[in-house]
Structure formats: structure tokens, C-alpha cells
Amino acid sequence: MPMTPNRIKDLREDADLTQQQIADAIGITQRKYSYVETGTQPLTDELLIRLADYYKVSIDYLLKQTNNPRRNK
């Protein structure tokens with residue numbers, strides 16, 4: 001799975017949240033979240049879905065396939 005650490009980190013920082021807060025919200029440890037955010041650990045489909053749901057953005061946006069964060073209904 002392509003890694004998109006900058007977009008994920010940018011979303012977190014734009015929301016003024018800590019890695020721990022996001023990790024708690026999506027049900028993983030802060031360490032695992034840190035690895036995902038830095039690209040050390042690849043994003044799984046499940047984590048992509050959780051992050052997209054949390055931030056209310058499309059998975060394509062997280063994967064940098066588009067610059068439009070809106071989700072299609």
C-alpha cells in the first residue's frame with residue numbers, strides 16, 4: 001500500500017491533535033500510529049478506512065490521488 005505520511009501528519013497537525021489522540025480514536029497504539037505517520041509501517045486497508053472516517057475525507061485524498069478531500073456519496 002502506498003505510504004502517505006505527509007498528508008496524514010498534516011491532517012493531524014491541522015486539527016491540533018497529538019499522535020496519541022488519533023491513535024486512541026482509531027484503536028491503535030501511539031507507537032504504531034507514529035510508524036504509519038512516518039511511513040515506517042505501511043497503511044493497511046483497515047487503517048485507511050479508519051483514518052478516512054475519522055477525518056471525514058476520501059481514501060483517495062489520503063493516498064494523494066486527489067487534492068479534493070471530499071468524499072463521494
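The values are calculated or read from the model by the stated rules, or taken from the named source; none is laboratory data. Since this is a predicted model, take the numbers as computed values, not measurements. Every residue, glycine as well, gets a Cβ built from its backbone with ideal geometry; the counts of neighbours run over all protein chains shown. Side chains are part of the model used for accessible areas, which takes the heavy atoms of the whole protein and leaves out ligands, DNA and RNA. Shrake-Rupley method; radii C 1.70, N 1.55, O 1.52, S 1.80 Å.
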- Evaluation of ALA23 against (1) in contact with a helix residue (DSSP H, G or I) (Cβ under 8 Å, 6 or more places away or on another chain); (2) open to solvent by 20 Å² or more (accessible area, probe 1.4 Å); (3) modelled with pLDDT of 95 or more (one fails), failing number: (2)
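Every residue, every condition in (1) within 11 Å of the chain's Cα centre (by Cα); (2) surrounded by fewer than 12 Cβ atoms within 10 Å (Cβ to Cβ), yes or no:
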site	(1), (2)
ILE28	no, no
TYR33	yes, no
GLU37	yes, no
LEU48	yes, no
ASP53	yes, no
LYS56	yes, yes
THR66	no, no
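Restricting to the stretch 56-68, give me the number of residues that are part of a loop (DSSP other than H, G, I, E, B), modelled with pLDDT of 80 or more and not small (Gly, Ala, Ser).
Total meeting the criteria: 6.
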- Task: Working only within the stretch 25-73, note down all residues that are without any contact (Cβ under 8 Å) to a residue 24 or more places away in the chain, within 17 Å of GLU13 (Cβ to Cβ) and not hydroxyl-bearing (Ser, Thr, Tyr).
- Result: GLN30, LYS56, PRO69
